[in-house]
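Undergrad: Got a structure here, written out as structure tokens. Questions coming.
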């Protein structure tokens, strides 16, 4: 049964050229917690993959491993082609901006750390700020912005280096629903324009179905891949999709898988 | 802010809002008026006590006499004030350099911090008056003695606050710097130092007062053993001669200097932090 499930979780990334693979990746912390166990996952170029699961299923840990912020205890994170600096962008759960710096300077930061001067960076920064609809706010500091705007700055900062892979760790979890829907739409249209790859951590079934073409449902204790759900619906997806029967059916299906994943928890039950 | 206040006043206000606006205005005036009138009352009381009890001026001079002395002794007192100020500011500058420098060094490595921080604490908790005889033996130059004393008193709050600030950087921001391949120097300059700024400025406010106290105390101790020309030696001198009016005048100058230092440093802190830090923001709504 388990072997079957693992098989189901390993289709070679929906036909896209492979970008990276996690191969039997496990991560245990020194306090004895096993955050991830034997995770196999292939990500294709241009995929929009959501990692969906209850808290404690290791989805954030997986993201940190992919970002290179942490190294796996066992297995490996394999990149199918050379990654150069700046090709991975990360968006945290909080906007994580420098509070003393203006919007411009915050978005400049990744380039600045690579030695790109303000003047050289200016046109690129203007471009990404326009893309997240924040032009005109260059000189504002974070506290002058709303939660949604701060998150946009954070996304602009992640996009400024032109990354091939965007890692997002529950980026919209702290926002109100109206703002979250808007940012979902914005993110999708950005993704359709630029075709970078996204790995999106969330605990919302609705968000994962709306955004992704693949949903990797994870289970906790130990954190592992439970099953993968393909979201067949085509793009572009808009407000009409959000209220369609197809969307509702997909949400129900994903919800059932998530329910099963939580019941399959390692003997302690879900939380 | 002014524009917002203006538009609020122009709009029609319900009684509740009108009351709140009025209260705010009264509070604004009261914040200055109350302490000033209490101060004036206290000075008047002081004067009455002197007159009613017929207290001689070498015990407790009337406020008017103190003021007269302040004017008549101005050349002498302000010359001394200048000496004290010089020591105060030099030691404050050295305290900033030493405190921030050490804090940056500590932030480079946990090991350095673990090794040397206890020594800083020892320096801090040992009363300066007790250390001074040693300094007196080892250091010849009078100015250097006083500076060293004032520095020992003033540098610790800067060191401890800045160290705390450098270490309390958002974990995610550090990850972000790491992912973008930031060097240690870049992380310090673009992340840790700005993040430590509010802590440093808090330490600076304390250190400003302490460097004045350090300068005066050092002079007191040194004054009894050698010659010095700051305000503290004027006070000692005046004490020996039962010249109470001059003693009071010198005392007032010292307190006044302390207040000015505090206000200036608060202003500096406000100007630096006003755009982004919670402490410098006005309560809204």
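The values are calculated or read from the model by the stated rules, or taken from the named source; none is laboratory data. This structure is a prediction, so every number in the text was calculated from the model and none was measured. Backbone-built Cβ (ideal geometry, glycine too); neighbour counts: all protein chains shown.
Undergrad: Within the range A:117-140, track down each residue that is part of a loop (DSSP other than H, G, I, E, B), free of Cβ contacts under 8 Å to residues at least 40 places away in the same chain and more than 12 Å from chain B (Cβ to nearest Cβ).
TA: A:117, A:134, A:135, A:136, A:137, A:138
Undergrad: Name every residue in the range B:176-185 that is at the interface with chain A (Cβ under 10 Å from one of its Cβ atoms), in a helix (DSSP H, G or I) and surrounded by fewer than 18 Cβ atoms within 10 Å (Cβ to Cβ), in order of residue number.
TA: B:178
Undergrad: Follow-up question, since we're still on this one. Applying the selection to the range B:13-24, what residues are surrounded by 10 or more Cβ atoms within 10 Å (Cβ to Cβ) and part of a helix (DSSP H, G or I)? Don't jump to the end; show me each part of the working.
TA: Here is the first cut: in the range B:13-24, the ones surrounded by 10 or more Cβ atoms within 10 Å (Cβ to Cβ) are B:13, B:17-24.
Across the range B:13-24, the qualifying residues are B:17, B:18, B:19, B:20, B:21, B:22, B:23, B:24.
Undergrad: Would you say residue A:151 is within 19 Å of residue B:175 (Cβ to Cβ) and either within 11 Å of the chain's Cα centre (by Cα) or surrounded by fewer than 23 Cβ atoms within 10 Å (Cβ to Cβ) (or both)?
TA: No; evaluated as a whole, the condition is false for this residue.
Undergrad: What about residue A:107, is it touching a residue at least 40 places away in the same chain (Cβ under 8 Å), in a helix (DSSP H, G or I) and within 18 Å of residue B:189 (Cα to Cα)?
TA: When the stated conditions are applied, residue A:107 passes them.
Undergrad: Sticking with this one: Answer yes or no as to whether residue A:221 is closer than 20 Å to residue A:37 by Cβ, surrounded by fewer than 22 Cβ atoms within 10 Å (Cβ to Cβ) and in contact (Cβ under 8 Å) with a residue 60 or more places away in the chain. Even if it seems obvious, please write down each step before you answer.
TA: Working: closer than 20 Å to residue A:37 by Cβ: yes; surrounded by fewer than 22 Cβ atoms within 10 Å (Cβ to Cβ): yes; in contact (Cβ under 8 Å) with a residue 60 or more places away in the chain: yes.
Yes: the conditions hold for residue A:221.
Undergrad: Conditions first: (1) under 25 Å from residue B:221 (Cα atoms); (2) surrounded by 14 or more Cβ atoms within 10 Å (Cβ to Cβ); (3) outside the structural domain of residue B:165 (by TED's automatic domain parsing). Residue B:59 passes all but one, so which condition is the exception?
TA: Result: residue B:59 passes all but (2).
Undergrad: Another question, then. Please list, ordered by residue number, the strands (runs of 3 or more DSSP E) wholly in the range A:183-271 having 2 or more residues that are within 19 Å of the chain's Cα centre (by Cα) and more than 30 Å from residue A:146 (Cβ to Cβ).
TA: Output list reads A:214-219, A:224-230.
Undergrad: Another one. Residue B:198 passes all but one of (1) surrounded by fewer than 23 Cβ atoms within 10 Å (Cβ to Cβ); (2) more than 14 Å from chain A (Cβ to nearest Cβ); (3) within 16 Å of the chain's Cα centre (by Cα); which number fails?
TA: Here residue B:198 meets the rest and fails (2).
Undergrad: Does the range A:160-178 hold any residues that are outside any loop (DSSP other than H, G, I, E, B) and surrounded by fewer than 17 Cβ atoms within 10 Å (Cβ to Cβ), and which are they?
TA: Answer for the range A:160-178, where residues must be outside any loop (DSSP other than H, G, I, E, B) and surrounded by fewer than 17 Cβ atoms within 10 Å (Cβ to Cβ): A:177, A:178.
Undergrad: Hey, can you tell me all the residues within the range B:136-175 that are within 14 Å of chain A (Cβ to nearest Cβ) and under 21 Å from the mean Cα position of the chain (by Cα)?
TA: Once the filter is applied, which keeps residues that are within 14 Å of chain A (Cβ to nearest Cβ) and under 21 Å from the mean Cα position of the chain (by Cα), the range B:136-175 yields only B:165.
Undergrad: With the requirement that a residue be more than 14 Å from every other protein chain (Cβ to nearest Cβ) and in contact with a helix residue (DSSP H, G or I) (Cβ under 8 Å, 6 or more places away or on another chain), what does the range B:265-285 give you?
TA: Within the range B:265-285, B:265, B:266, B:268, B:270 meet the criteria.
Undergrad: Something else: Note down all Cβ pairs under 9 Å where the first residue falls in the range B:95-107 and is free of Cβ contacts under 8 Å to residues at least 40 places away in the same chain, the second is in a helix (DSSP H, G or I) and surrounded by fewer than 22 Cβ atoms within 10 Å (Cβ to Cβ), and they're at least six residues apart or on different chains.
TA: Matching pairs, first to second residue: B:105/B:112; B:105/B:113; B:105/B:116.
Residue-wise test of (1) in contact (Cβ under 8 Å) with a residue 40 or more places away in the chain; (2) within 17 Å of residue B:207 (Cα to Cα); (3) surrounded by 16 or more Cβ atoms within 10 Å (Cβ to Cβ).
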{"residue": "B:49", "(1), (2), (3)": "no, no, no"}
{"residue": "B:71", "(1), (2), (3)": "no, no, no"}
{"residue": "B:82", "(1), (2), (3)": "no, no, no"}
{"residue": "B:85", "(1), (2), (3)": "yes, yes, yes"}
{"residue": "B:114", "(1), (2), (3)": "no, no, no"}
{"residue": "B:118", "(1), (2), (3)": "no, no, no"}
{"residue": "B:126", "(1), (2), (3)": "no, yes, no"}
{"residue": "B:138", "(1), (2), (3)": "no, no, no"}
{"residue": "B:146", "(1), (2), (3)": "yes, yes, yes"}
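Undergrad: Across the range A:67-92, what is the total count of residues that are outside any strand (DSSP E or B) and either over 18 Å from residue B:171 (Cβ atoms) or at the interface with chain B (Cβ under 8 Å from one of its Cβ atoms) (or both)?
TA: 14
Undergrad: Considering each of A:157, A:143, A:114, A:152 in turn, give the residue that is in a helix (DSSP H, G or I), more than 27 Å from residue A:49 (Cα to Cα) and touching a residue at least 12 places away in the same chain (Cβ under 8 Å).
TA: Of the residues listed, the single one that is in a helix (DSSP H, G or I), more than 27 Å from residue A:49 (Cα to Cα) and touching a residue at least 12 places away in the same chain (Cβ under 8 Å) is A:143.
Undergrad: Please pick out the residue among B:77, B:82, B:94 that is part of a helix (DSSP H, G or I) and farther than 30 Å from residue B:244 by Cβ.
TA: Exactly one residue qualifies, and that residue is B:94.
Undergrad: Given the criterion more than 14 Å from chain A (Cβ to nearest Cβ), over 30 Å from residue B:167 (Cα atoms) and at pLDDT 90 or above, identify the matching residue among B:207, B:222, B:215.
TA: Step by step, each of B:207, B:222, B:215 is checked, and only B:215 is more than 14 Å from chain A (Cβ to nearest Cβ), over 30 Å from residue B:167 (Cα atoms) and at pLDDT 90 or above.
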